[in-house]
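Chemist: I am attaching a structure below and will ask some questions about it afterwards.
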Amino acid sequence: MRLRAVRLPSVARSPQFFLNSLAASALENVSDTLTLTRPDDFHLHLRDGAALASVAGFTARQFGRALVMPNLKPPVTTVAMALAYRDRILRALPAGVAFEPLMTLYLTDRTGVDEVARVAESGAVKAFKYYPAGATTNSDSGVTSLKNVYGVLDAMQRHGVVLCVHGEVTDPATDVFDREAIFVEQSLTQVVRDFPALRIVVEHITTREAADFVSAAPAHVGATITPQHLLYNRTSIFTGGIRPHFYCLPILKRETHREALVEAAISGSPKFFLGTDSAPHARNSKETCCGAAGCFTSHAAIELYAEAFDAVGAIDKLDAFASRFGAEFYGLPRNADTITLLRESWSPPEEFAFGNETIVPLTQGRTLAWKMQ
Ligand code: NCD
Ligand code: ZN
């Protein structure tokens, strides 16, 4: 395996990066403004209550729609709960903002096939989220064995309901950096084989193995990719000391995996689309002896993606990845309006209010190269 020195926390650099950035700089004068169809975020954590009110506006400013994750306490397990949560989200938005929350249900060992039929009829609920029990933040109610939900997966396949998958094994003896690749090999392969028409999104992929699996799978298997997994590798978590704001799950991986994700994102394949996994946690629950997993990016999400695409001279591929492929996967129309990014250096705030507490964003201490107008 080749190991490369990386200069972080700016964008991880590789020889390909330098070649592509030469190409990019040749275009610089003609590409300082970028207009995109308004993008959608197909993986977002909005929380609830005062925390929801603090963060919802950031996403609504940039995105037309977002697929809202159901890992509240208690989790959102029924259509009725999802519709009530949707109302709370709409009420938390700044006045006059047009934003559509797309809802998800949290799959548990006890989810019934009736709930699948209700999801299919609901319109507002777009998917079930599968968390292996104990895999990540608020996943205690997750599925303890895939076999427990086979009846429900069969109903989802029949009704055309999407399954969003947190793809990590949870065996505590499995190395944390291997958990996704092993899940792909053991569990995902089996689900795709046993449910050949089930629509699946492998969420926040972080490895070459996951990207290769999704590329080779049928067209109804897609994946979301976060900005942090496109911009950073696992060395970023330990640069100059331990950096809790770079800790999310699945955890950042080696540089070779980051490169594979960038290749997938810029490939033009409609299977790969934007999902930030922006996951706000209060500063004191990240900067502590047992810090929570999750990176907050929704204040500058599209700018972070622009930076990742621009770094490899592929800014022209951002519109389809951010604004088209996800909507197509979910059978939704493209958003009707546009957003504009300017190539302009700026520094986002170092922290934001989060209810009575504060959140530290992933961009802390960084200058960004693109800014949404
Ligand atoms: C997410 C959260 O905080 O809710 N955390 C994370 O590290 N991504 C949960 C998740 O998506 O795994
Ligand atoms: Zn998530």
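Chemist: At q = 0.12 Å⁻¹, what base-10 log of I(q)/I(0) does the Debye formula yield for the chain when every alpha carbon is treated as an equal point scatterer in vacuo?
Modeler: -0.86
Chemist: Sticking with this one: Let me check against my output: what whole-number percent is the relative contact order of the chain, with C-alpha pairs under 8 Å and at least 6 apart?
Modeler: Values: 756 pairs, mean separation 73.1, N = 373.
20 percent.
Chemist: Would you calculate a helix-derived [θ] at 222 nm for the chain, using -39,500 (n - 2.57) for each DSSP H run of n ≥ 4 and dividing by the full residue count, to the nearest 500? Intermediate results must be reported in sequence, preceding the final value.
Modeler: On the way: 14 runs with 123 residues, N = 373.
Value at 222 nm, helices only, nearest 500: -9000 deg cm²/dmol.
Chemist: If the limit is 22 Å between Cα atoms, which of 126/371; 129/371; 126/317; 126/271; 129/271 go over it?
Modeler: With Cα atoms farther than 22 Å apart: 126/371; 129/371; 126/317.
Chemist: Would you list, by chain and number, the lysines whose Cα falls below 19 Å from the Cα of residue 286, excluding same-chain residues fewer than 8 positions away?
Modeler: 73
Chemist: Moving on to the next point. Over all Cα pairs of region 96-221, how is the pair count split among 10 Å bins, expressed in % and running from 0 up to the last occupied bin?
Modeler: 13, 44, 33, 9, 1
Chemist: A follow-up question, please. Rounding to the nearest 20 debye, state how big the charge dipole of the chain is about its Cα centre with +1 on each Lys and Arg Cβ and -1 on each Asp and Glu Cβ.
Modeler: Numbers: 36 positive and 39 negative charges, 31 e Å.
Computed charge dipole of the chain: roughly 160 debye.
Chemist: Another question, if that's okay. Can you report the principal axis dimensions of region 182-227 using only the alpha carbons, biggest first, rounded to whole angstrom?
Modeler: Computed over region 182-227, the largest-to-smallest principal extents equal 31, 20, 15 Å.
Chemist: Related question: Provide the descending list of Cα extents for region 201-359 along its principal axes, expressed in whole angstroms.
Modeler: 43, 35, 28
Chemist: For the ranges 248-257, 188-197, what's the packing order if you count other beta-carbon atoms within 10 Å of each residue, average per peptide, and put the highest first?
Modeler: For the peptides 248-257, 188-197, the packing ranking is 248-257, 188-197.
Chemist: Still on this structure, I have one more. Output the direction-averaged projected area (hull surface divided by four) of the convex hull of the alpha-carbon atoms of region 111-177, in nm².
Modeler: Values: hull surface 20.1 nm².
Orientation-averaged projected area of the Cα hull: 5.0 nm².
Computed from the coordinates by the stated procedures, all read-outs in this text should not be read as laboratory data. All figures in this text were calculated on a predicted structure; none of them were measured in a lab. Every residue, glycine as well, gets a Cβ built from its backbone with ideal geometry; the counts of neighbours run over all protein chains shown.
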